[in-house]
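Novice: Quick one: this structure, given as structure tokens, is what I'll be asking you about.
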Amino acid sequence: MLLEVKNLCKEFDGLRALDQVSFSAREGEILGIIGPNGAGKTTLFNIISGIYSPSNGEIFFQGKSLLRLKPHQISRLGVSRTFQIVRPFLNLDVETNILVAWGHRFYPSLLKSIEPFRKVEILEEVRTIIERTGLQPYANQPTKNLPLGIKKRVEIARALALRPRLLLLDEPTGGLRFEEFVQLMALIRQISEEGIGVLLIEHNMQVVMDLCRRIVVLDHGSKIAEGPPEEIRSNPRVIEAYLGKEV
Amino acid sequence: MVSGYLITILITITIYAMLAHSLNIITGRAGQISLGHSAFFGIGAYTSALFYTGAGLSFWLSVPLGTIISGIVGALLGIPCLRVRDDFLAITTMGIVFVVEAVFLYIPFFGGAMGVGGIDPPKWFGREMSKPEYFILLLIVLILLLFFDRRLERSWIGLAWSSIREDEMAAGTMGVDIVRFKVIAFILGSAIAGLAGGFYAHFLTFIMPQNFGFGQSIVILCMVVFGGIGTRWGPILGAIILGILPEISRPIMEYRTFLYGLLLVAMMRFQPGGLLGEESLLVKFFNSVGSSVRGKRIIKNASRS
């Protein structure tokens, strides 16, 4: 099993953001995570990536516990992510953004980290990531001037430079134009075909239904359903969570 | 022959340039504000002074020792600074300078308010180094530091610093060990400030706690911001301009601080990135001059052929 989440709980000042959430994800699988606003989806990502520590519960990545690991240690193990509200390094160009993540194999050694980072071999490899994510026209532009859709792709490119085994995508399609949207869907599918596990938080039901074979539904911090899209679509608890109870 | 007055100013400016450069590593490159930089200037000055006067070590040993100890203390004092950010970091580092100044002032070992005297200028080839020679030594050290800075900026360390400066949380999830790289910045910045302190002690031959107070921290920070934070040459230019300013404004002595303040306010209003920073009018001006000269040359060559 690639990722196992067991009885995960998170409290913020007495407020339960996550309550006994358990699920697992396999290599090459796109697991959809859906739920109304405030269901705890982003909190879940923040815990898996080590930004928050859970109040209770366990997380195993390839059998290794992620609890008490710092974000950089988790990312070096092969878990990378994007942010719902994009956080590229705004004053660095696209190529340099990707290089930051590429450096994860140099940072642990003091001797290696004083090497210059713009080396031909490295730039070539970064170029393949840039091409894959369709960022060629923007490679040397400062990220702050780019439109949202491109910034989102920069985040994915950066996450891919970590050579992840598991990729956490937090609403990657939000605010995209139709063609960008179609390209992104194809990219996500391609990533999973390489054997990378993908956790996908998404509000767009079309995306989730198309890409995911399995979906986890959160509501008010609890898992209320898990299963294939067809089943989720007709699950009364899910319909209730989204639309409210019938009077 | 260069006058003694001029050489004194040149040496002072070179020491300030080293200080501004060292603060730029912490604040410019790694993005960690520090209002306590003069503490490390002081630690370097006091350690090398005491190693010289107390332990009888030569200038060539006491100054490197001051540098190393300042770097170690920088690492230790950097640790409480790792957990705080922005305005809290500013207050914490401010606290450091008050503590260090108080230690120098109230612990008799450090000479108290009387400071430490009897520090001699360095000797070489069996005689005392002259002031112009000392200036050249400092200049060479500064140039070496700037070469080292260039190397660092282009290294993975420099890249990691940029990412921390831009967005600490995102940097962490991209595999950057935030604590490690912040500590590296604190160690290097503090050590170089300590080096400048050692040079300062052997230049003044007499040091007092007041030389390393909070006001001094602000002066160094002003030089960095004025010249262009995060650039290689900005802090150097800032040190030169703000170092010369008090000298050329001697005739209007009373208005000196007024002028100083006015300049900084105008700078923040019109060039917040500093003289050589982002959107720099100075850089734009030189670029446009450069390109128009190049343009004319091209036209000339074209008309010739």
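Here, each number is a calculation from the coordinates, and none is a lab measurement. Note that this is a predicted model, so its numbers are computed, not measured. Backbone-built Cβ (ideal geometry, glycine too); neighbour counts: all protein chains shown.
Novice: Can you check what the net charge comes to around residue A:2, using other residues whose Cβ is under 10 Å from the Cβ of residue A:2 (Lys, Arg +1; Asp, Glu -1)?
Specialist: Result for the local shell: -1.
Novice: Within 10 Å of each candidate Cβ there may be at most 13 other Cβ atoms; applying that plus a DSSP loop requirement, which GluC sites (Glu not before Pro) in the stretch A:100-200 survive?
Specialist: Answer in residue order: A:194.
Novice: Which loop-located GluC sites (Glu not before Pro) does the stretch A:1-39 contain, where loop means any DSSP state but H, G, I, E or B and the Cβ has at most 16 other Cβ atoms within 10 Å? The partial results should precede the final answer.
Specialist: Working: sites: A:4, A:11, A:27, A:29; in loops: A:27, A:29.
Those satisfying the criteria are A:27.
Novice: What is the extension gain from residue B:91 to residue B:205, computed as 0.36 nm multiplied by their sequence separation minus the C-alpha to C-alpha distance, in nm to one decimal?
Specialist: 37.8 nm
Novice: Another one. Within 11 Å, Cβ to Cβ, of residue A:219, how many net charges do the neighbouring residues add up to if Lys/Arg are +1 and Asp/Glu are -1?
Specialist: For residues surrounding residue A:219, the net value is +1.
Novice: How high is the relative contact order of the stretch B:1-134? Use alpha-carbon pairs under 8 Å, at least six apart in sequence, and give a whole percent.
Specialist: 28
Novice: Got a sec? Charge dipole of chain B, +1 on Cβ for Lys and Arg, -1 for Asp and Glu; which of B:9, B:190, B:71 is way out at the positive end?
Specialist: In chain B, that residue is B:9.
Novice: Quick one: compute the contact order of the stretch A:88-162, relative version, from alpha carbon pairs under 8 angstrom and 6+ residues apart, as a percent. Don't skip to the end; give the middle numbers.
Specialist: Values: 72 pairs, mean separation 41.0, N = 75.
55 percent.
Novice: Right, here's the next one. Suppose only helical runs count, i.e. DSSP H with n ≥ 4. What mean residue ellipticity at 222 nm does that imply for chain A under -39500 (n - 2.57) per run, divided by all residues and rounded to the nearest 500 deg cm²/dmol?
Specialist: For chain A, the value works out to -10500 deg cm²/dmol.
Novice: How far is helix B:4-23 tilted, in degrees, relative to the longest principal axis of the Cα atoms in chain B, given as a value from 0 to 90 rounded to the nearest 10?
Specialist: 80
Novice: So if I place +1 on the C-beta of Lys and Arg and -1 on the C-beta of Asp and Glu, and nothing else carries charge, what would the dipole magnitude of the stretch A:135-240 be about its Cα centre? I want it in debye, nearest 20.
Specialist: It comes to approximately 420 debye.
Novice: Shifting gears a bit: Express in nm, to one decimal, how much length is gained between residue B:136 and residue B:253 on full extension, taking 0.36 nm for each residue of separation and deducting their alpha carbon distance.
Specialist: 39.1 nm
Novice: What does the highest-first list of B:281-287, A:231-237 look like by mean Cβ count within 10 Å?
Specialist: The densest-packed peptide leads the list: A:231-237, B:281-287.
Novice: For peptide A:83-95, how many partner chain Cβ atoms fall within 10 Å of a residue's Cβ, on average?
Specialist: For peptide A:83-95, the averaged partner shielding equals 3.
Novice: Amide H of residue A:11: which non-local residues (sequence gap of 5 or more, or other chain) have their own amide H closer than 5 Å, using H built in the peptide plane?
Specialist: When sequence neighbours closer than 5 places are left aside, the close amide H contacts are A:17, A:55.
Novice: Enter the angle in degrees (range 0 to 90, nearest 10) between the Cα long axis of helix B:178-204 and the first principal axis of the Cα atoms of chain B, meaning the one along which they spread out most.
Specialist: Around 70 degrees separate the two axes.
Novice: A further question on this structure: Report the longest stretch of chain B that contains none of the GluC sites (Glu not before Pro) sitting in a DSSP loop with at most 15 other Cβ atoms within 10 Å.
Specialist: B:1-277
Novice: Chymotrypsin sites (Phe, Trp or Tyr not before Pro) within the stretch B:42-131: which are DSSP loop residues with at most 14 other Cβ atoms inside 10 Å?
Specialist: The qualifying sites are B:125.
Novice: Lys and Arg at +1, Asp and Glu at -1: add these up for the other residues within a Cβ distance under 11 Å of residue B:291 and post the number. Please report the intermediate quantities before stating the final value.
Specialist: Values: positive: B:284, B:294, B:296, B:297; negative: none.
Residues close to residue B:291 contribute a combined charge of +4.
Novice: In addition: Are any of the pairs A:152/B:284; A:119/B:284; A:6/A:70; A:10/A:223; A:41/A:64; A:10/A:70 more than 24 Å apart by Cα-Cα distance, and if so, which? Working shown, then result.
Specialist: Numbers: A:152/B:284 32 Å; A:119/B:284 29 Å; A:6/A:70 19 Å; A:10/A:223 13 Å; A:41/A:64 22 Å; A:10/A:70 17 Å.
Among A:152/B:284; A:119/B:284; A:6/A:70; A:10/A:223; A:41/A:64; A:10/A:70, the Cα-Cα distance tops 24 Å for A:152/B:284; A:119/B:284.
Novice: Work out how much length residue A:60 to residue A:213 would gain on full extension: take 0.36 nm times their residue separation and subtract the Cα-Cα distance, in nm to one decimal.
Specialist: My answer for the length gained is 52.9 nm.
Novice: Report the Cα centroid-to-centroid distance between the stretch B:212-228 and the stretch B:1-38 in angstrom, as an integer.
Specialist: The two parts, judged by their Cα centres, are 9 Å apart.
Novice: Give me the dipole magnitude in Debye, nearest 20, for the stretch A:1-87 about the Cα centre, with unit charges on the beta carbon: positive for Lys and Arg, negative for Asp and Glu.
Specialist: For the stretch A:1-87, the charge dipole is close to 300 debye.
Novice: Sticking with this one: Taking θ as phi - 60°, what are the ³J(HN,Hα) couplings along the stretch A:3-9 by the Karplus curve (6.51, -1.76, 1.60), each to the nearest whole Hz, with x for Gly and Pro?
Specialist: Coupling constants for the stretch A:3-9: 9, 10, 10, 10, 6, 6, 10 Hz.
Novice: What FRET efficiency do you get for residue A:16 and residue B:6 if R0 is 60 Å and r is their Cβ-Cβ distance, rounded to the nearest 0.05? All intermediate terms of the calculation are to be shown ahead of the outcome.
Specialist: Details: r = 71 Å, r/R0 = 1.18.
So the FRET efficiency works out to roughly 0.25.
Novice: Run the simple label-point estimate for residue A:105 and residue A:119 please: 7 Å along Cα→C-beta, distance reported in nm.
Specialist: 1.0
Novice: Taking every DSSP beta bridge with both residues inside the stretch A:118-247, roughly what % is antiparallel (nearest 5)? It would help to have the intermediate numbers written out before the result.
Specialist: Numbers: 5 of 10 bridges.
The answer is about 50 percent antiparallel.
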